[in-house]
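What follows is a short report on a single structure.
The values are calculated or read from the model by the stated rules, or taken from the named source; none is laboratory data. Computed from a predicted structure; not experimentally measured. Heads up, the Cβs are rebuilt from the backbone with ideal geometry, glycines too, and the neighbour counts pull from every protein chain shown.
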């Protein structure tokens, strides 16, 4: 396959991974009286379809990380690791707490690393650094329990998901 076709495939997969997961996660969280107090992990545990959606998104991210050749190697590897971690988070829910925590940490570290080490044009790089910084702050707040755990987890996770969708759009529009 041509590089342009692979880049477009990766772009669509990254965009669709986020586009299908975020609405499902939102719907699943609305089924609880106070969704902001709940962690995403708990919602994935209680609402099976949200876990399936995360696993599906992870598979799309893994394929995209293999297909795309127009971003630097470290970011591709970290993107693939984030996809693998997403699949494993959906398989090992909070019933397997130690594994779930490990794969969640792996997702956060690899997702933030992919954002911070991306080498691309200036404006998307600044966008990536900004979102990566927000995600890192959210991860620190979540780990240190300095803030409501549900909101802190969202501050850490949502920028990574949004960045994945934006990277997909960036790959589709890139010359």
| Which one of the conditions (1) more than 21 Å from residue 22 (Cα to Cα); (2) modelled with pLDDT of 95 or more does residue 121 fail to meet, given that it meets all the rest? | (2)
| task | Go through 116, 141, 146 for me and flag whichever is without any contact (Cβ under 8 Å) to a residue 24 or more places away in the chain and exposed (fewer than 15 other Cβ atoms within 10 Å of the Cβ). | result | 146
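Every residue, every condition in (1) more than 23 Å from residue 166 (Cβ to Cβ); (2) buried (at least 16 other Cβ atoms within 10 Å of the Cβ); (3) modelled with pLDDT of 90 or more, yes or no:
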site: 24; (1), (2), (3): no, yes, yes
site: 33; (1), (2), (3): yes, no, no
site: 37; (1), (2), (3): yes, no, no
site: 48; (1), (2), (3): yes, no, yes
site: 69; (1), (2), (3): no, no, no
site: 80; (1), (2), (3): no, yes, yes
site: 86; (1), (2), (3): no, yes, yes
| request: Quickly run through segment 25-49 and pick out the residues that are free of Cβ contacts under 8 Å to residues at least 40 places away in the same chain and under 14 Å from the mean Cα position of the chain (by Cα). | output: 25
| message | Of the residues 95, 110, only one is farther than 18 Å from residue 158 by Cα and touching a helix residue (DSSP H, G or I) at 6+ places or on another chain (Cβ under 8 Å); which? | response | 95
| query | Can you name the residue in segment 95-113 that is under 12 Å from the mean Cα position of the chain (by Cα) and in contact (Cβ under 8 Å) with a residue 40 or more places away in the chain and is also surrounded by the fewest Cβ atoms within 10 Å (Cβ to Cβ) among such residues? | reply | 108
